[in-house]
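The values are calculated or read from the model by the stated rules, or taken from the named source; none is laboratory data. Because the structure is predicted, anything quoted here is derived from the model rather than measured. Methodologically, a virtual Cβ is constructed for each residue, glycine included, from the backbone with ideal geometry; neighbour enumeration extends over all protein chains shown.
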Amino acid sequence: MLKRFFSYYRPYKSLFLLDFCCAVLAGLLELAFPVAVNQVIDKIMPQNNFRYVLLACLGLLLFYVINTILQYIVVYYGHKLGVNIETDMRRDLFGHLQKQSFEYYDNQKTGKVISRLTTDLFEISEVAHHGPEDVFITVMTLVGSFILMLRMHVGLAVATFALIPLITIALVFFNKKMTKVNTDIYDNLGEFNSGVEAAVSGIRVTQSFAKEDYEAARFNRLSELYRRSKIVFYKVMGVSSAYNYFMIRLINLFALIFGAYYTIQGELTNGQFVGFILLANVFVRPIEKVNIMIESYPKGIAGFKRLTEELDKEPLIKDKPGAKSVGHLTGNISYKDVSFAYADDTKVLNNISLDIQAGETVAFVGQSGSGKTTLCNLLPRFYDVTGGKITIDGIDIQDMTLASLRHQIGTVQQDVFLFPGTIRENIAYGDLDATEEDILRAVKLAHLEGVVAQMSHGLDTLIGERGVKLSGGQRQRVAIARMFLKNPPILILDEATSALDTETEQVIQESLNSLAEGRTTLIIAHRLATIKHATRIIVMSENGILEEGTHEQLMAKNGHYRKLYEAQFHN
């Protein structure tokens, strides 16, 4: 794991060396100060010449100025290094999340994903900045000050150093304990974020059902769980800090007692005694820093462990070796003995075979759970078949790169998702290189002109989170305009007009019909009146395909389709 962690430093070698070297130099200058004081007291002051004392102090002032500059470099450039590494990790994680399949997100909570992209990585950034230099400087300062102490008086140095093993044992113990506690905190924070995200997203439902008290109670439960985890962490940290504080003060006390004794015995000069006390303070400073390390390092370690666990999850759906980028497809689709089951072995499709000719409009109807949407979702590889294969123009879709395959397929879903931003930005998502003329044409084709004209800022009107400032019909028309702009050879329409009123539905249906011309179109339909024009209608059930044919042929058969049709229109 360490090798993987340090691999993120590679692009920033010069920045790391600058930060590290300046931190080391600053540590060495700190060690030089007690030695300089020792010399001033023992060698300069006995000469009774204040001019020499003043010159020595000016020399120390120069030391301090240099150290001040070094401190600035360490704080600024060190944190810059940490932020750069944090950004790279966040980019890697986001890129990884984008490759995950629909099935992955079926089993994930949004809040947990957001927590990994934010809180986890911030803690890792702190360790990335302070980690290597803190460890090195702590060891260097301890060793350096101990050597200088030994040169002054061996017995005194050993007595002062005697408590270090006890502090080291405590450090290892508390570090392990706090890493475990932090892992629990991150898990609870993920749950907490998920709860908050759900509560805020569902506020309209909460208010419409007058369930504010219920949501407040649920929020309080999650908040309490997170609070308890944090309290356990701070309890462990409190014990650790108190223990280390006591040990550090004992070191100072030992230096004072034994130093005074050896000075009275004549084994130490006054200058050496003062220098030793100052060295003892330098000696304990990195030990005090250990308390900070015990707080931040376990958080960073736990966060990086979670990051690597996430990055090691292979995407279920990815380009296979040798996959080719395809250009414009004509849209001849073939399902050959296709089966699909979820990871928990829930079977949805079993040995489905179906051929769809380029330019055909095929509608899928049937009861909920019959596999209509799943069958269509397999085409752009939102899910992968668990048996059989699907081809487009005779090419297995698994032999195509995901990007090129999905570029050829456009999906308009029943549950329209719009990004926060403007109407223009959401339409342009269909083709980021589209001109103003292209966008206006898409607006016209989707019959969105009237809506845009009524908006305060036209196409540049902000639509809020998930397009909450638009009606259901308006959101659907924005999604359809987006699809007009993408202009793919294959269309999947998942109840694309279900959110519209009857009058708007007729207008949009005309737009969709014109969009479908010359394209292979798959329609998932519940409202059978919208699919009478389809080239072919496929009636599905849990057992597979029951019937297929045109509206007239299926009505004449007097079978499942007719029953569905009559049940819908006679109710």
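When residue 443 is tested against (1) part of a helix (DSSP H, G or I); (2) closer than 11 Å to residue 479 by Cα; (3) in contact with a Leu (Cβ under 6 Å, 6 or more places away or on another chain), just one condition goes unmet, and that condition is (3).
Do any helices (runs of 4 or more DSSP H) entirely within the stretch 92-178 hold 1 or more residues that are of a type in the set (Gly, Ala, Ser) and surrounded by 14 or more Cβ atoms within 10 Å (Cβ to Cβ), and if so, which?
Working: elements: 102-106, 110-117, 119-152, 154-161.
Filter on the stretch 92-178 gives 110-117, 119-152, 154-161.
Does any residue of the stretch 398-420 turn out to be surrounded by fewer than 19 Cβ atoms within 10 Å (Cβ to Cβ), closer than 27 Å to residue 506 by Cα, touching a helix residue (DSSP H, G or I) at 6+ places or on another chain (Cβ under 7 Å) and not hydrophobic (A, V, I, L, M, F, W, C)? Within the stretch 398-420, not a single residue is surrounded by fewer than 19 Cβ atoms within 10 Å (Cβ to Cβ), closer than 27 Å to residue 506 by Cα, touching a helix residue (DSSP H, G or I) at 6+ places or on another chain (Cβ under 7 Å) and not hydrophobic (A, V, I, L, M, F, W, C).
Screening the stretch 436-449 for residues that are in contact (Cβ under 8 Å) with a residue 40 or more places away in the chain and more than 18 Å from residue 513 (Cβ to Cβ) and picking the one that is surrounded by the most Cβ atoms within 10 Å (Cβ to Cβ) gives 439. Scanning the stretch 450-467 for residues that are modelled with pLDDT under 85, over 25 Å from the mean Cα position of the chain (by Cα) and surrounded by fewer than 15 Cβ atoms within 10 Å (Cβ to Cβ) returns 450, 456, 462.
Among the residues making up the stretch 293-326, those that are part of a loop (DSSP other than H, G, I, E, B) and either touching a strand residue (DSSP E or B) at 6+ places or on another chain (Cβ under 7 Å) or free of Cβ contacts under 8 Å to residues at least 12 places away in the same chain (or both) are 312, 314, 321, 323, 326. On the basis of being in a loop (DSSP other than H, G, I, E, B) and either free of Cβ contacts under 8 Å to residues at least 60 places away in the same chain or crowded, with 22+ Cβ neighbours inside 10 Å (or both), does residue 485 make the cut? So residue 485 does not fit the description; no. So, residue 497, is that one within 18 Å of residue 367 (Cβ to Cβ), under 42 Å from the mean Cα position of the chain (by Cα) and modelled with pLDDT under 85 or not? Against the criterion (within 18 Å of residue 367 (Cβ to Cβ), under 42 Å from the mean Cα position of the chain (by Cα) and modelled with pLDDT under 85), residue 497 does not qualify. Scanning the stretch 249-276 for residues that are surrounded by fewer than 17 Cβ atoms within 10 Å (Cβ to Cβ) and among the aliphatic types (A, V, I, L, M), we see that the one that is nearest to the chain's Cα centre (by Cα) is 250. For the stretch 10-61, a residue qualifies if it is free of Cβ contacts under 8 Å to residues at least 24 places away in the same chain and hydroxyl-bearing (Ser, Thr, Tyr), and the qualifying residues are 14, 52. Considering the stretch 45-91, the residues that are more than 38 Å from the chain's Cα centre (by Cα) and of a type in the set (Gly, Ala, Ser) include one that is surrounded by the most Cβ atoms within 10 Å (Cβ to Cβ), namely 56.
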